[in-house]
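One structure is given here, and the rest of the page talks about it.
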Amino acid sequence: MSVSEEAVRVAPETDRTDEPGWEVDPDDDWALAVLATVGRQLRLRREAAGLRVNDFAVAAGYGADLVYKIETGKRIPRPEYLDKADEVLGAGGLISAMREDVKKVRYPKKVRDLAQLEGRAVELQLYDPLNIHGLLQTPDYARGLLLMRRPAYSAEEVEQFISARVARKSVFDKDPAPDLSFVLEEWTLRRPLGGKARLRQQLEHLLELGQLRNVELQVMPMDHEEHAGLAGGIEVLKFEDGSMVGRSQAVANGRPVTEPRQLRILELRYGIIRTQALTPRETAAFIEQLLGET
């Protein structure tokens with residue numbers, strides 16, 4: 001009997017790895033290739049051990065239908081699944097070692113692409129009119145925001161998005177460090193989304209980041225009568241070779257742009273926003289004031 005026939009014969013069982021957030025994006029070619037390779041290795045090792053799908057499923061404590069999906073690259077295996085497979089098949093850590101490859105696949109393609117660009121950039125100019133920028137958010141504050149989404153994300157999706165944001169924070173650890181400029185809206189620092197305790201931790205985190213030599217934080221006060229950022233958020237990333245990429249919902253419907261005329265518009269708007277906002281020193285004093293009021 002073939003592996004697929006065995007999997008169909010056994011009634012599917014409910015498993016956490018089968019929850020939303022562990023599916024494979026059909027348009028993500030790189031992820032599909034990684035998971036196909038991981039699945040093939042798992043199948044070959046299981047067959048070499050003389051175990052049928054159902055035998056392995058029972059030994060590992062997972063449903064046979066799930067085992068089949070993972071071995072055919074249709075499902076992302078959890079880290080604990082790989083560890084259990086390594087133990088059952090006596091792989092000596094070789095299967096568990098695939099956790100790093102699978103971990104990257106869990107991040108959506110657009111997040112991986114963004115993280116790659118941010119990792120290459122030598123200068124980042126970032127303005128988000130709706131939220132504290134994701135690179136500045138603490139994991140707990142990010143969790144609070146994600147839990148408010150309607151329709152609600154599943155618990156697994158929330159953790160996936162948080163993991164992706166945490167992974168992007170490696171941009172702060174680069175050496176040499178890139179120059180990072182952020183403009184934040186005052187209301188995003190006042191509204192206690194997720195609770196005042198989360199907001200206090202977030203404000204403290206901003207003060208710590210603002211002390212880094214390569215980071216400049218500026219707040220756009222609500223009482224200022226001029227604001228060049230009403231058209232939406234702005235991202236401008238500059239690279240060592242002099243090239244640039246920008247993004248804004250007001251330009252090219254939010255798609256990344258590299259055309260000089262469009263980049264000039266984004267740089268112009270961001271530059272004006274910075275001149276209208278508080279200086280970094282004034283911003284630090286303002287955040288300290290908010291922290292005292294929270």
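Derivation of every value follows stated rules applied to the coordinates shown; laboratory data play no part. Worth saying up front: this structure is predicted, and the values here are computed from it rather than measured. Every residue, glycine among them, receives a Cβ derived from its backbone with ideal geometry; neighbour counts consider all protein chains shown.
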Approximate shape of region 69-174 as ellipsoid semi-axes (Cα gyration tensor, √5λ), whole Å, largest first: 30, 18, 12
Segment Thr275-His224, length gained on full extension (0.36 nm per residue, minus Cα span): 17.2 nm
Cα-based Rg / Dmax (Å) for region 65-110: 11.0, 36
Helix-only [θ]222 nm of the chain, DSSP H runs n ≥ 4, -39500 (n - 2.57) each, per residue, nearest 500: -15500 deg cm²/dmol
Cα→Cβ-extended label distance, 7 Å offset, between Ala177 and Val122, nm: 1.8
Environment charge at Ser96 (Cβ cut-off 11 Å; Lys +1, Arg +1, Asp -1, Glu -1): -3
In order through region 155-160: 3J(HN,Hα) via Karplus (6.51 cos²θ - 1.76 cosθ + 1.60), integer Hz, x for Gly, Pro: 4, 5, 5, 4, 5, 5
Max mean-square fluctuation residue, GNM over the chain, Cα-Cα springs under 10 Å, options Ser243, Ser163, Ser181: Ser243
For the chain, built as a Gaussian network whose Cα springs stay under 10 Å, the top-fluctuating residue of Glu282, Glu118, Glu235: Glu282
Ranked list, fewest to most other Cβ atoms within 10 Å of each Cβ, for Leu217, Leu130: Leu130, Leu217
The chain: relative contact order as a whole-number percent, Cα under 8 Å and 6+ apart: 16
Förster radius 30 Å - calculated FRET efficiency between Asp28 and Arg213, Cβ distance, rounded to 0.05: 0.20
Proportion of all alpha-carbon pairs of the chain beyond 35 Å (%): 34
Kirkwood hydrodynamic radius of region 212-294, Cα pairs, Å: 14.4
P(r) weight above 14 Å for region 30-103, C-alpha pairs, percent: 53
Isotropic mean projected area of the C-alpha convex hull, region 111-249 (nm²): 9.2
